[in-house]
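Peer 1: Okay, handing you the structure first.
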Amino acid sequence: MAIECMIPTPSPVHEAQETQIHPATALVFDSSVLRHESNIPTEFVWPDHEKPAVVPEFQVPVIDLSAFRSGDPVAIAEVCKLVNEACQKHGFFLVVNHGVDADLVSEAISVMDRFFDLPLSCKQKALRKLGEHCGYASSFTGRFSSKLPWKETLSLRFSDEKECSHIVEEYFQNKMGPDFADLGEIYQKYCNEMNKLALEITEVLGLGLGVKREHFSEFYQENDSVLRLNYYPPCQKPELTLGTGPHCDPTSLTILHQDSVSGLQVFVDNEWRAVNPTPNAFVVNIGDTFMALSNGLYKSCLHRAVVNSEIPRRSIAFFLCPHKDKVVTPPPELVDSDHPRVYPDFKWPTFLEFTQKHYRSDIETLLSFASWLKENQAPLATQS
Ligand code: OGA
Ligand code: NI
């Protein structure tokens, strides 16, 4: 039986920091109006200590995937060492020479406008309903009443399972109709490329951690992942708000492509730093689930996005997630008396549900989830 059937529904461990509001009274984020508004609604004004600031640039370690693919053991060892250091410290690195077609990437960014420039009522054909993980969302579809993010998103489900090989195309067809078939095709292709890249990166991570190269790529076979298109409209008061508040990705691995507009910031060494766009590079970061898989060795780190008053900013995030039946458990090589288990076994849907019920994910979330699981979990022996 699946673990998620045997454990009670998560109860509020810590109170949600925001008031849950009724969808009918939720503020509607109509970017065509709000981008010109100099009096931004108070729901989008962040407290002073969280407001954005001009921050120093972060020199993100750069991983050359062509060196990893070269077959040269010295080059491979160097790549793995660099990744290992980055992931133990903050979990962020860039990948270059990844082989993903540059035209596909720039097309994936430019066609975002076709969707996000539509009138709100058209975008709402793909509206993400409360409790769902895919679809169009803005202002967190009514979940919160303050510290709202200045952005709109379209989240698409991707599955590596054979029978789901057209899932992204079908989504566009079903929700948006035949005029959007080309977008479906582009994002399906993009997801297929991200899936291949993500599995290869898990091999670099495996070698970095000193486990078998295929250990994690096998674990992520038939993964059930998400592609999220993030669209940050201009804001006339960018110093008051955030495009995405500080959070850790609860997922396993994120591969982010940002357009040429800066906005991503990472919290490293106790300060915010900017990860400015590097052409032809993807920003990769470790999420909470991979942190658990690595027995806490690789870090999932706080990051956020700021907005500007001039131009929209677009980013595309591929969030690698395990198949729903896989048990997230570290390989035996990473557990011994000096490195006891940090987190109990779990399955991804249980953690996802926990994060949905407990406000946004941050650096506390995985540990709170672990405590909650330990208190509520049925004996391991009865798990499938
Ligand atoms: C995210 C994220 C940052 C960005 O989607 O989880 O952190 O720059 N995005 O859009
Ligand atoms: Ni993120």
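The values are calculated or read from the model by the stated rules, or taken from the named source; none is laboratory data. Nothing here was measured: the structure is a model prediction, and the numbers come from that model. Methodologically, a virtual Cβ is constructed for each residue, glycine included, from the backbone with ideal geometry; neighbour enumeration extends over all protein chains shown. Accessible surface areas use protein heavy atoms only, side chains included; no ligands, DNA or RNA. Shrake-Rupley method; radii C 1.70, N 1.55, O 1.52, S 1.80 Å.
Peer 1: Pairs Lys147/Lys299; Lys81/Lys196; Lys129/Lys374; Lys162/Lys324; Lys147/Lys357: which are spaced more than 24 Å apart, C-alpha to C-alpha?
Peer 2: Correct reply: Lys147/Lys299; Lys129/Lys374.
Peer 1: Average the reciprocal distances over every distinct pair of alpha-carbons in the chain, invert the result, and give the Kirkwood radius in Å.
Peer 2: 21.5 Å
Peer 1: Another question about this same structure. Using modelled backbone amide H atoms (1.01 Å from N, in-plane), which distant-in-sequence or interchain residues come within less than 5 Å of Leu127's amide H?
Peer 2: Tyr136
Peer 1: With a cut-off of at most 11 other beta carbons within 10 Å, and DSSP calling the residue loop, which GluC sites (Glu not before Pro) in the range 266-337 qualify? Please list them.
Peer 2: Taking the range 266-337 and a limit of 11 other Cβ atoms within 10 Å, the loop GluC sites (Glu not before Pro) found are Glu310.
Peer 1: Pick out the long, greasy-scoring helices in the chain: whole DSSP H runs spanning 20 Å or more along their own axis by Cα, mean Kyte-Doolittle at least -1.0.
Peer 2: 73-89, 181-209
Peer 1: Specify the residue with the greatest mean-square fluctuation among Asp64, Asp362, Asp72, computed from a Gaussian network of the chain linking alpha-carbon atoms under 10 Å apart.
Peer 2: Asp72
Peer 1: Something else about it: Counting only heavy atoms of protein chains, what accessible area per residue, in Å², does the range 229-313 have with a probe of 1.4 Å?
Peer 2: 28 Å²
Peer 1: For Leu264, what residues show an amide H to amide H distance below 5 Å, using hydrogens built from the backbone and excluding near sequence neighbours?
Peer 2: Here the answer is Val275, Val306, since their amide H atoms fall under 5 Å of that of Leu264.
Peer 1: Among Asn223, Asn276, Asn39, whose mean-square fluctuation peaks in a Gaussian network model of the chain (Cα, cutoff 10 Å)?
Peer 2: Among Asn223, Asn276, Asn39, the largest GNM mean-square fluctuation belongs to Asn39.
Peer 1: Convex hull over the Cα atoms of the range 209-344, averaged projected area in nm²?
Peer 2: Seen from a random direction, the Cα hull of the range 209-344 projects 9.8 nm² on average.
Peer 1: Remind me, relative contact order of the chain in percent, using alpha carbon pairs under 8 angstrom and six or more residues apart?
Peer 2: Computed over the chain, the figure is 23 percent.
Peer 1: What is the magnitude of the charge dipole of the range 143-240 about its Cα centre, with +1 placed on the Cβ of each Lys and Arg, -1 on the Cβ of each Asp and Glu, and no other charges, expressed in debye to the nearest 20?
Peer 2: With only Lys, Arg, Asp and Glu charged at Cβ, the dipole is about 600 debye.
Peer 1: Okay, moving on. Treat every Asp and Glu Cβ in the chain as -1 and every Lys and Arg Cβ as +1, leave all other atoms uncharged, and give the resulting dipole magnitude about the Cα centre to the nearest 20 debye.
Peer 2: Taking the Cα centre of the chain as origin, the dipole is about 640 debye.
Peer 1: I would also like to ask the following. Given H placed on each backbone N at 1.01 Å, which residues far from Phe346 in sequence or on other chains put an amide H within less than 5 Å of it?
Peer 2: Val328
Peer 1: Moving on to the next point. Can you tell me the length gained on complete extension of the stretch Asn192 to Lys374, counting 0.36 nm per residue apart and subtracting the Cα distance?
Peer 2: 61.9 nm
Peer 1: If you don't mind, another one. When the chain is treated as a GNM, springs tying every alpha-carbon pair under 10 Å, which of Arg69, Arg273, Arg314 comes out with the largest mean-square fluctuation?
Peer 2: Maximum fluctuation in the GNM of the chain, among the listed residues, is at Arg69.
Peer 1: Probe radius 1.4 Å, ligands and nucleic acids ignored: give me the carbon and sulfur share of the accessible area of the chain as a rounded percent.
Peer 2: Of the solvent-accessible surface of the chain, carbon and sulfur hold 53 percent.
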